[in-house]
Amino acid sequence: MRRPVLLAAFPLLLVYVALAAVRTQSAPAPGPGIAALDRAVAAAGGHLEEAALFVTEPVADPDVGQRLAARLGWGEGEPPSERRRLAVEGGIGGPVLSVEWRLTGEAAAGWADRYAALKGALAAEGMWVPVQVELSGRAAGADDPLTLAGAALDGLAARARQPWAGDRAASIAGWSPLLPPGPYEVNVQVAVRQQPGGDRFWIGWPLVRSDY
């Protein structure tokens, strides 16, 4: 009695496997995520000099800062190519976690690994919060700062661009499908300032934090 039942169920199993395969093939491949910011640096022909990671988030437990430092292996000293700041400070609504992690020189090239480590430490504390990123460096001078900013965003296929240009500086914010969505309608900004020896650029997710 069991064999007829199995034979009847076998065609249904084949249909299920076929549908699952079609669904898998039609699903879009995941994008490169936050590491795609390196594409903007390359598209601008830039040389990365510094990468900075920022977190500002209200917390219920003021001891979370000490635990995060332990998870990250941050002791008393820090490498010469890194500047670290982690504190829980009083805010209007309660304690606020503040993290600033700056990487220079060769360490800047490994910013994506540090980003993943910080996100992992936060997740271990049950904190799924955004980590802001800002990359900066120098690039060969373009005809104007707006041209260089646009080239950087071309590397991210950014659209819905919002340009601004001043005397010797320019900025373009936009939305890139290669980057995670942020809290704003844009999720990337590139700023450029003309300087002797090469234009200075800043590339930020979701926005540039530095003055330019």
Query raised in the report: Can Val96 be described as β-branched (Val, Ile, Thr), open to solvent by less than 60 Å² (accessible area, probe 1.4 Å) and under 19 Å from the mean Cα position of the chain (by Cα)?
Result: no
Query raised in the report: Any chance the range 45-68 includes a residue that's under 22 Å from Ser176 (Cβ atoms), touching an Asp or Glu at 6+ places or on another chain (Cβ under 9 Å), of a type in the set (Val, Ile, Thr) and surrounded by 15 or more Cβ atoms within 10 Å (Cβ to Cβ)?
Result: yes
Query raised in the report: Only one of these conditions is not met by Asp143: (1) in a loop (DSSP other than H, G, I, E, B); (2) charged (D, E, K, R); (3) within 18 Å of the chain's Cα centre (by Cα). Which number is it?
Result: (3)
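For the range 149-212, give me every one of the strands (runs of 3 or more DSSP E) that falls completely inside it and has 1 or more residues that are crowded, with 24+ Cβ neighbours inside 10 Å and touching a helix residue (DSSP H, G or I) at 6+ places or on another chain (Cβ under 8 Å).
Hits in the range 149-212: 169-175, 188-193, 199-205.
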Query raised in the report: Which ones in the range 111-139 are open to solvent by less than 10 Å² (accessible area, probe 1.4 Å), within 11 Å of the chain's Cα centre (by Cα) and either more than 29 Å from Gly197 (Cβ to Cβ) or modelled with pLDDT under 95 (or both)?
Result: Val131
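Yes or no: Ser176 polar (S, T, N, Q) and under 17 Å from Ala43 (Cα atoms)? Give the derivation first.
Working: polar (S, T, N, Q): yes; under 17 Å from Ala43 (Cα atoms): yes.
So Ser176 passes the test.
Taking the condition over 30 Å from Pro58 (Cβ atoms) and in contact (Cβ under 8 Å) with a residue 40 or more places away in the chain, does Ala112 pass?
Details: over 30 Å from Pro58 (Cβ atoms): no; in contact (Cβ under 8 Å) with a residue 40 or more places away in the chain: yes.
Here the answer is no, as Ala112 does not meet what is asked.
Could you tell me which residue of the range 64-88 is nearest to Arg39 (Cα to Cα), considering only residues that are of a type in the set (D, E, K, R) and touching a helix residue (DSSP H, G or I) at 6+ places or on another chain (Cβ under 9 Å)?
Our first condition is that a residue be of a type in the set (D, E, K, R); within the range 64-88, this holds for 67, 71, 76, 78, 82-85.
Still in the list and also touching a helix residue (DSSP H, G or I) at 6+ places or on another chain (Cβ under 9 Å): 67, 71, 82, 84.
Numbers: Arg67: 34, Arg71: 30, Glu82: 23, Arg84: 26 Å.
The qualifying residue nearest to Arg39 (Cα to Cα) is Glu82.
The values are calculated or read from the model by the stated rules, or taken from the named source; none is laboratory data. Just so it is clear, the structure is predicted and the values come from calculations on it, not from any experiment. Quick reminder, even Gly has a Cβ in these numbers, built from the backbone with ideal geometry, and neighbours come from all protein chains shown. For the accessible areas, the whole protein counts, side chains as well, though only heavy atoms, and no ligand, DNA or RNA atoms are used. Shrake-Rupley method; radii C 1.70, N 1.55, O 1.52, S 1.80 Å.
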